[in-house]
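Read through the structure below, which is laid out as structure tokens, and then see the notes.
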Amino acid sequence: MKQCTHADALPQPEPAPLTETCPECEAAGTHPVQLRKCLECGHVGCCDSSPMRHATAHHKETGHPVMRTFEPGETWRWCFVDHVLV
């Protein structure tokens, strides 16, 4: 079973969210479907079900490997590099 090789290097404590919604969607006037928070820097972006896929774009631009859901009641995390739940 494949494992994330990046989780142990994440900052502790987890970074605070930089915003409460996806700022790129807000600026473009689009609606984010689900929100994701970067566990490296706290950037909040929309998920791949949103038209603009800003969380994935953030990973591609920065190389930050792991994000977690920023939805109430959810706690799962995803590693973009290893393509696994953390």
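Values quoted throughout were computed directly from the atomic coordinates according to the rules given, and no laboratory measurement underlies them. Remember, it's a predicted structure, so these values are computed and weren't measured experimentally. Neighbour counts are summed over all protein chains in view; Cβ atoms, including those assigned to glycine, are modelled from backbone coordinates with ideal geometry.
Each peptide in 48-60, 70-82 receives the mean, over its residues, of other Cβ atoms within 10 Å, and ordering these scores from highest gives 48-60, 70-82.
Be a star and scan the range 20-35 for residues whose amide nitrogen sits under 16 Å from the point 7 Å along the Cα-to-Cβ vector of LYS60. Hits in the range 20-35 for LYS60 at 16 Å: 24-25. What does the C-alpha gyration tensor say about the overall shape of the range 1-51? Classify as rounded when a/c is under 1.5, otherwise prolate if a/b is larger than b/c, or oblate. Taking the square roots of the gyration eigenvalues as a ≥ b ≥ c, the range 1-51 is oblate.
Relative contact order for the chain: 28 percent, from Cα pairs under 8 Å spaced at least 6 residues apart, divided by residue count.
Assuming charge only on the beta carbon of Lys and Arg (+1) and of Asp and Glu (-1), the dipole of the range 23-86 about its Cα centre is about 80 debye to the nearest 20. Applying a DSSP loop filter and a limit of 15 other Cβ atoms within 10 Å to the trypsin sites (Lys or Arg not before Pro) in the range 1-43 leaves LYS2. With both labels modelled 7 Å from their Cα along Cα-to-Cβ, the CYS41 to ALA16 distance reads 1.8 nm.
Qualifying GluC sites (Glu not before Pro) in the range 1-33, where qualification requires a DSSP coil assignment and no more than 13 other C-beta atoms within 10 Å, comprise GLU20. Both the radius of gyration and Dmax for the chain are 12.3, 41 Å, in that order, over alpha-carbon atoms.
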